[in-house]
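For reference, the structure is listed below as C-alpha cells.
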Amino acid sequence: MGQESRKKPYYITTAIAYTSGKPHIGNTYEIILADAIARFKRAEGYDVRFQTGTDEHGQKIEEKAAAAGVTPKKFVDDVAAEIRRIWDLMNTSYDRFIRTTDPDHEAQVQKIFRKLYEQGDIYKSEYEGMYCTPCESFWTPSQLVDGKCPDCGRPVKPAKEEAYFFRMSKYADRLIKHIEAHPEFIQPVSRKNEMMNNFLKPGLQDLCVSRTSFHWGIPVDFDPKHVVYVWLDALTNYATGLGYDADGASGPLYRKYWPADLHLIGKDIIRFHTIYWPIFLMALGEPLPKQVFGHPWLLQEGGKMSKSKGNVLYADDLAAFFGVDPVRYFCLHEMPFENDGVISWDLMVERYNSDLANILGNLVSRTIAMSNKYFGGVVTRPEVSFPEEEQALDREFCETVLREGRKVSEKMQGLRVADAMSALWNIFKRCNKYIDETMPWSLAKKETGRDRLNMVLYNLTEAITIGASLLFSFMPETSEKILREFHAERRELQEMEHFGLYPSGTRVEETADILFARLDPKAVEEKLREEQEAAKEKTAEAAKAKASEAGRETESPLPQVPEKEMVEFEAFSQCEFRVCEVLKCEAVPKSKKLLCFQLKCGKNTIQILSGIKKWYPEPEKLVGKKVMAIVNLKPARLAGMESQGMLLSAEDREGRLSLMTPMSEEISPGAEIG
C-alpha cells in the first residue's frame, strides 16, 4: 500500500462563484483563504481534495447575456474563464474547477430532482410573492425591509408562476438536533446562533426549486418547461464534483472524500449552506458535511464593494502592482475571524513596507549578507560552550521560535488564519530583535568573537528556515525563494518541533534577491492616478469604437448616453451644485493631464483639479469664466495636491469636451444649481 493511500482524506470546498461578472478582491479572498488551509492540511500529512468552481445558471445570467448580445453559454464561458484565470493567477492549488454547466453535474442534478420528486420531497404548486432578480430569491411581503429585498436592499417585483417546491419543514427538527449535537458544524458560533434563532426555530417555509419564467437552467427532465432553480443546482456541486450518483453508483472519489470536511463560504450565503444543503442531503440519505465556516467580508474603505458604488478592487490589478504573494499576505493577514476586514491602496502600501519589506525582506537580506561577509557564505554550528548569559539568550530565542511555530498550527486548527500569520511574523520579528541583541557587527571585530558570531548566524538561519517553511501555505513563492537562498529544504511540520536541523557547513547564496523593495507612497499614488485615467480613456475609446461599429453615428449626431442604476432623489439632493468663477487656472507641474483651478464660490475660495488639460491648452484664458461644479465632495489628493470638488463638463462622441457654464453672465458666483 502506497504512502498516499495511507493518508487521511480531507475535502475542502469554496462557494462556487456566480458568473455574472469579473470577481473583485472580496470574492477572490475566499479562494486565497481556502488555498492556505488546503496547503496547510497537506503539510500536516492529509490527502487533500480541494474544489472550487462557478455557478452559471439563472435569470440574471439570461438577462446579462441578452444585454451583451450573446448566448447564455457564451456569456458564462467567457466569465468562467476569467474567474479561473484569476484563481490561477493567485497561485491556488485546487484539484477541480467545477462548472454547473458541466455535463456530469447537469445529469446528476436531473437525477437528484427526479429522486426527490418520486419520494415525495418535491411537489408542484404555484408561487406568488415578491422576487429579487439579483439575488434570485422569492420573499413574502413580511420579509421585505422597507419594501425591498432583505439581502441586497434592491427593489423587488411581484411574481406569480407555476413551480416545484421542496418540503423543508419535513426535515427541520432533524436538522436542529444535528446542529445541537454537533456544535462544530456551523462556525463561527455567532453564525450558528443566527441560523437557529432567526430561521430554524421560527419554522421553515417550503422552498421553490424550479422556475418557468426563464429558460437558462437545467431542465426538469420529466417536465421540461421547468428549469431547476438555483440552490438545488448550485449546492449539489460539492457532491457531483466527486462523482456522486443519485442512482447509488457513486464513484471512488465520492466514497473516499465525502462527507466534506469544510465548506468555506461567505457569511451572506451561510443560510443556504447550513439549512438548505443539509436538508437536501438528509433527503438523499447522505452524510452531512462536517463543518461550514461563514467567513467575514473583505471590504473596500467606505463599505461593501460593488460596481454600482464604483469602489471595486480587482486581484489582478493589485497583483500587477504589488505582486501575487503580497496580495495573498494582505488578504489573509487583515481578515479577523468573525469581523469584516478592510482593504485600501494606502493600507496595502503600509503593510507592504512594514511587514514585508522591513520585517521579512530586510531580515533575509542582511542575514545572507552577514554570512557572506564574515564566513564566505558558509553557515556553521560551532561545537563550543558559551557563557551562561549567551546560552540563556539563545535558549529563549530558540524556544520563542518553536513556540510561535506551534501557535501557527494551533491557530490553523481553528481556522484563525490571520492569528496564525501573526504568530508566524512573531518569528521574523524575534529574529530581528536577536540581531539587535547579539550585534554581529561588534562580534566580528573581536578576535574571540568568531565562534559566537558563527552561532548567532546559525541560529538566525535555522529560525528563518523554520519560518519560511511555515510561510509556504500562505505565500508559497516567497517561501520557496527564501529557502532557495539558504539552500534549505522545506521542513515537514513535525520537524519544526526541533531547533537545529539546518545542516552545518551549508553555503548560502552569494547575494540575496530583494524580496520586497520599499514603495514610495507618493509615487504609488501618482502611478495609480495615471493608470486610472488611462483606464478611463481606454474605456471611452472602446465605447466610441463600439458605437461606430454599430453605425450609430449615421443614425443620429447625438452621443449615446450609457444607462446607470436609478438613484433615490435623496441621494441626488445630497450633492451641492454651484456656479463658480475662475480666479486662477494653471497646469499642474507633476501631471500631463491636470489643471488646477482656484474658484470663487460665494464667500469661499476652493481648489479643484480636473484632467482636462488636453482640451484647454491655454488655461489662463479660462480666468474670469463662470463654470459649474459639485463643491461638497470629500477632498481627494491628486499629484500631491488637494482637490475640493468636481467640475461639470460634457464630452460628445467625437471626443470634444466643454466645461458647463451658465447661460447668463449675470449669475453670481455661489449661486446654487438645482
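The values are calculated or read from the model by the stated rules, or taken from the named source; none is laboratory data. Please read these numbers as outputs of a predicted model, since none were measured by experiment. For neighbour counting, all protein chains shown are included, and Cβ atoms are generated from backbone atoms with ideal geometry for every residue, glycine included.
I'd like to check something: does region 343-362 contain any residue that is farther than 27 Å from P296 by Cβ, at pLDDT 95 or above and among the charged types (D, E, K, R)? Checked against the condition, which is being farther than 27 Å from P296 by Cβ, at pLDDT 95 or above and among the charged types (D, E, K, R), region 343-362 yields no hits at all. In the condition set (1) at negative phi; (2) out of contact with any Cys (no Cβ under 9 Å at 6 or more places or on another chain), R154 is compliant with all but (2). Restricting region 147-203 to residues that are aliphatic (A, V, I, L, M) and out of contact with any strand residue (DSSP E or B) (no Cβ under 9 Å at 6 or more places or on another chain), the residue that is farthest from P278 (Cα to Cα) is V189. Which residues, counting only those in region 91-133, are hydrophobic (A, V, I, L, M, F, W, C), surrounded by fewer than 21 Cβ atoms within 10 Å (Cβ to Cβ) and out of contact with any strand residue (DSSP E or B) (no Cβ under 8 Å at 6 or more places or on another chain)? Correct list: A107 only.
Criterion applied to F222, F199, F214 was being more than 25 Å from Y10 (Cα to Cα) and surrounded by fewer than 13 Cβ atoms within 10 Å (Cβ to Cβ), and the one residue passing it is F222. Only one of the numbered conditions (1) within 28 Å of L493 (Cβ to Cβ); (2) without any contact (Cβ under 8 Å) to a residue 40 or more places away in the chain is violated by M439, and that is (1). Reported count of residues in region 588-607, each being in contact with a helix residue (DSSP H, G or I) (Cβ under 8 Å, 6 or more places away or on another chain) and within 21 Å of G624 (Cβ to Cβ), is 2.
Of the numbered criteria (1) part of a helix (DSSP H, G or I); (2) buried (at least 17 other Cβ atoms within 10 Å of the Cβ); (3) hydroxyl-bearing (S, T, Y), the one S473 fails is (1). Based on what the data block shows, is N459 more than 14 Å from V379 (Cβ to Cβ), assigned to a helix (DSSP H, G or I), touching a helix residue (DSSP H, G or I) at 6+ places or on another chain (Cβ under 8 Å) and at pLDDT 95 or above? So N459 does not fit the description; no.
If the condition is being within 17 Å of P259 (Cβ to Cβ) and either modelled with pLDDT under 90 or in contact with a Leu (Cβ under 8 Å, 6 or more places away or on another chain) (or both), then region 183-204 contributes F185, Q187. Can you find, within region 604-643, the residue that is surrounded by the fewest Cβ atoms within 10 Å (Cβ to Cβ) among those that are of a type in the set (D, E, K, R) and either within 22 Å of Q574 (Cβ to Cβ) or modelled with pLDDT under 85 (or both)? Across region 604-643, the extreme among qualifying residues is K634. Among the residues examined, Q187 does not qualify as surrounded by fewer than 18 Cβ atoms within 10 Å (Cβ to Cβ), farther than 21 Å from V76 by Cβ and not small (G, A, S). From the list A392, A468, A444, A463, the lone residue that is under 37 Å from the mean Cα position of the chain (by Cα), over 24 Å from F322 (Cβ atoms) and hydrophobic (A, V, I, L, M, F, W, C) is A463. Whenever a residue of region 494-523 is without any contact (Cβ under 8 Å) to a residue 40 or more places away in the chain, its partners that are buried (at least 18 other Cβ atoms within 10 Å of the Cβ) and in a loop (DSSP other than H, G, I, E, B), lying with C-beta atoms within less than 8 angstrom and at least six residues away or across chains, give the pairs L501/R491. Taking first residues from region 168-182 that are among the polar types (S, T, N, Q) and partners that are surrounded by 15 or more Cβ atoms within 10 Å (Cβ to Cβ) and modelled with pLDDT under 95, the Cβ contacts under 6 Å between residues at least 6 apart in sequence or on separate chains come to S169/L204. Meeting the requirement of 3 or more residues that are touching a residue at least 24 places away in the same chain (Cβ under 8 Å) and touching a Pro at 6+ places or on another chain (Cβ under 6 Å), the helices (runs of 4 or more DSSP H) wholly within region 43-143 are 59-68. Listed conditions (1) in contact (Cβ under 8 Å) with a residue 12 or more places away in the chain; (2) farther than 24 Å from P287 by Cβ are all met by P224, apart from (1).
Taken together, A571, A587 contain a single residue that is within 24 Å of L648 (Cβ to Cβ) and at pLDDT 90 or above, which is A587. Which of the following residues is buried (at least 21 other Cβ atoms within 10 Å of the Cβ) and of a type outside the set (F, W, Y): C580, C575? The match here is C580. Assigned to a helix (DSSP H, G or I) and at pLDDT below 95 - does that describe any residue in region 227-239? Yes: region 227-239 contains one or more residues that are assigned to a helix (DSSP H, G or I) and at pLDDT below 95.
Only residues that are surrounded by fewer than 21 Cβ atoms within 10 Å (Cβ to Cβ) and more than 21 Å from the chain's Cα centre (by Cα) were counted in region 54-90, giving 15. Restricting attention to region 611-633, the residues being farther than 19 Å from E533 by Cβ, assigned to a loop (DSSP other than H, G, I, E, B) and either under 45 Å from the mean Cα position of the chain (by Cα) or charged (D, E, K, R) (or both) number 4.
If you go through region 289-316 and keep only what is more than 15 Å from the chain's Cα centre (by Cα) and either modelled with pLDDT under 95 or surrounded by fewer than 20 Cβ atoms within 10 Å (Cβ to Cβ) (or both), you end up with K290, Q291, G302, S308, K309, G310.
The conditions of being at pLDDT 90 or above and not in a loop (DSSP other than H, G, I, E, B) are met by L483.
Listed conditions (1) of a type in the set (F, W, Y); (2) loosely packed, with under 15 Cβ neighbours inside 10 Å; (3) part of a helix (DSSP H, G or I) are all met by Y352, apart from (2). Among the residues of region 156-166, are any in contact with a Phe, Trp or Tyr (Cβ under 7 Å, 6 or more places away or on another chain), at pLDDT below 85 and of a type in the set (F, W, Y)? No, region 156-166 has no match at all. For the structure I just gave you, tell me whether F165 is part of a loop (DSSP other than H, G, I, E, B), of a type in the set (F, W, Y) and over 26 Å from the mean Cα position of the chain (by Cα). So F165 fails the test. Picking from residues in region 487-502 that are under 26 Å from I37 (Cα atoms) and surrounded by 20 or more Cβ atoms within 10 Å (Cβ to Cβ), the one that is modelled with the highest pLDDT is A488. Scan region 370-425 for residues that are farther than 18 Å from M439 by Cα, in a helix (DSSP H, G or I) and of a type in the set (D, E, K, R) and jot them down. Scanning region 370-425 gives E399, R403, E404, R406, K407, E410, K411, D419. Say we look at region 505-534 and pick out the residues that are exposed (fewer than 14 other Cβ atoms within 10 Å of the Cβ) and among the polar types (S, T, N, Q); which of these is farthest from V349 (Cα to Cα)? Checked region 505-534; the qualifying residue farthest from V349 (Cα to Cα) is T511.
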